[in-house]
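Shown next, in structure tokens, is the structure this report addresses.
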Amino acid sequence: MDAYKLMKELRVNYEQEAHYRPKETGLRLIESTTEGDSRISAKGRNAKVEDLWSLTSFFGYSTQTFVLAVNLLDRFLAMIKVQPKHLSCVSVSCLHMAAKVTEEECDLSPADELIRIGQCRFTTSDLCRMEKIVGEKLGFKSNAVTALTFLHLYHQIALSHSTDRKESLSLEKLEAQLKACLCRISFSKAKPSVLALSLLRQEMEAVQSEDMLEIAYHIQRHLKITDGELLLWSERVAPCLSDYASPECSKPNHRKLQWIVSRRTAQNLHSYRTVPELPTIPEGCWDESESEDLCEDVMSSGEESLSSSLGSDAEGPFFPLHLRRQKHLHA
């Protein structure tokens, strides 16, 4: 695609991005929620997003699937009051919905496999009901405009000006850094176009290319992104990636999932694992805010987080050495 068509597509996506952003009021409610409350906390949400990263890596799903799943999850959580015990079902439902849109049919994992490998405590029928609820509430029919949409367009625009930049501007590295940011709910409040440009500029500064920075400046002016807005999110991206590059930081680990599919466990798990029949998921209003409530005890709770150590593309090589700082994030 030539540069003109890329810039035109960029403008179209920029005009549509607002329709796919989570409600900021809902995100702030999650951030203000304390542990043990009846609503999802930021810590609980972040842990489940890291679990989605682990599942994405395990099943070989694309970054597009992961980013879309997080987008669906955040939009739903910002709209509906979800109890912590239901979060696993909601998050895995979002991943399954995203995979059905972005992955080839032959690469899709069955719903029962997602549940089993994810060590979840709900049934396939629960998952199907939750997918229906999420789809109806979000009006979801196909893909969404996300930060990954812009990251891909920015990368193509940069490469369209010269073919010798492919090695120094790694899309795989940029995607891994975006996934690290999405593991923190605060970045869901950023405009996708601005978050993606913040990541791109940081990488361009890392390779010390004035030529590339000029391209980023041109993109910024084309989309009329203010210097203040770009600076704000750039200043938040840098410490996030610095923290993530630290060896002390706990990161998603899809290897923790692999014990389930050892031959002995794979033969026995399905036979011995029983899940009780659960009632239909009801919905009701929540008068404490503008959000709605997913309120009944329809799913079991207590799943462990899968994100406990290094693994997959969460490892350090994708996070620049110059950003690393020693910081113990998890006591």
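The values are calculated or read from the model by the stated rules, or taken from the named source; none is laboratory data. Keep in mind that what you see is a predicted model, and the values were worked out from it rather than measured. All Cβ positions, even for glycine, are placed from backbone atoms using ideal geometry, and neighbour counts span all protein chains on display. Ligands, DNA and RNA are stripped out before the accessible areas are found, and what is left, the full protein with its side chains, is counted by its heavy atoms. Shrake-Rupley method; radii C 1.70, N 1.55, O 1.52, S 1.80 Å.
Residue 187 contributes an accessible area of around 10 Å² to the protein surface, as traced by a 1.4 Å probe with all chains present. The spacing between region 193-250 and region 122-161, judged by their C-alpha centroids, is 23 Å.
Distance between the 7 Å Cα→Cβ label points at residue 172 and residue 4: 3.5 nm. Annotation for residue 207 and residue 137: the two label points, set 7 Å from Cα along the Cα-Cβ direction, are 4.1 nm apart. Accessible area ranking (1.4 Å probe, heavy atoms, ligands and nucleic acids excluded), largest first, for 236, 11, 39: 236, 11, 39.
Net charge dipole, region 70-158: roughly 500 debye, given to the nearest 20, about the Cα centre with Cβ charges of +1 for Lys and Arg and -1 for Asp and Glu. First select every other residue whose beta carbon is under 15 angstrom from the beta carbon of residue 224; then total the charges, Lys and Arg +1, Asp and Glu -1. Counting the neighbours of residue 224, the net charge comes to -1.
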